[in-house]
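Some notes on the structure that comes next.
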Amino acid sequence: MASTSVNRSRRQWLLGRAHKNIEAHRLPWLVNNDSFVDDCTLCGKCIQACPENIIVKGDGGFPEIDFHRGDCQFCYECASVCVDVNFYPRSKAPWTLKAVISNEVHTHQNTCLVNQSVMCQTCKDFCEFDAITLVQSVGHVARPKVDTALCSGCGACVSACPSQAISMASEGI
């Protein structure tokens, strides 16, 4: 497959989606995200193998994770059926993705319900790794906070959030 350089931010702007997160979340344990588009043959085996049905066809038909459909159980099925792309062994960390709650960053889309003084702890309840805690402050509802050291990047909090205030991002972004 010929190497093509796609300007994702321009494509998103042209499609009227400039405000959305444009980072495609590739498969866990992927060795080289940069060469993924060159190596992937679009066979769809990873999509079919995913028991959680969170792998979807993204831009150009390339597989990507859609955390709004559910969480990754780190079963390694997608990596085990792929013969075209290199993956790390299951013993390594699956990726550097971590949960980001909109009330933790200064964005124009602070959609977390706590910003409307609504008490919500759905993200905390769905986090089996206890990476999300509620921080109390006088005169305000408790705010969720992600401990990135505990966050596995599974994305369970993303699909559970009633206001779509959580996204996944590579650590350090």
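For segment 123-154, the set of residues classified as part of a strand (DSSP E or B) and surrounded by fewer than 19 Cβ atoms within 10 Å (Cβ to Cβ) consists of 133, 134, 135, 136, 137, 140, 141, 142, 143, 145, listed by residue number.
Looking at segment 49-58, can you tell me whether even one residue there is modelled with pLDDT under 95, touching a strand residue (DSSP E or B) at 6+ places or on another chain (Cβ under 9 Å) and not charged (D, E, K, R)? Before you say what the answer is, go through the steps one by one.
Applying the first criterion (modelled with pLDDT under 95) to segment 49-58 yields 58.
Those left that are additionally touching a strand residue (DSSP E or B) at 6+ places or on another chain (Cβ under 9 Å): 58.
If we keep only those that are not charged (D, E, K, R) as well, we get 58.
Taking every residue of segment 49-58 in turn, at least one turns out to be modelled with pLDDT under 95, touching a strand residue (DSSP E or B) at 6+ places or on another chain (Cβ under 9 Å) and not charged (D, E, K, R).
Considering every residue within segment 90-102, establish whether at least one is touching a Pro at 6+ places or on another chain (Cβ under 9 Å) and farther than 23 Å from residue 27 by Cβ. For segment 90-102, residues touching a Pro at 6+ places or on another chain (Cβ under 9 Å) and farther than 23 Å from residue 27 by Cβ: present. The residue pairs whose first member lies in segment 112-132 and is within 18 Å of residue 155 (Cβ to Cβ), whose second member is among the polar types (S, T, N, Q) and part of a helix (DSSP H, G or I), and whose beta carbons are closer than 7 Å, counting only pairs six or more residues apart or on different chains, are 112/102; 112/103. Only one of the listed residues (72, 78, 120, 157) is touching a Ser or Thr at 6+ places or on another chain (Cβ under 9 Å) and outside any loop (DSSP other than H, G, I, E, B). That residue is 157. Of the residues 34, 84, the single one that is acidic (Asp, Glu), at pLDDT below 90, farther than 18 Å from residue 168 by Cβ and not in a helix (DSSP H, G or I) is 34.
You will find that of 66, 39, 71, the residue that is under 18 Å from residue 168 (Cβ atoms), surrounded by 14 or more Cβ atoms within 10 Å (Cβ to Cβ) and free of Cβ contacts under 8 Å to residues at least 60 places away in the same chain is 66 and no other.
The values are calculated or read from the model by the stated rules, or taken from the named source; none is laboratory data. On a predicted model such as this, the values are computed, not experimentally measured, just so you know. Note that each Cβ is placed from the backbone with ideal geometry, even for glycine, and that neighbours are counted across all protein chains shown.
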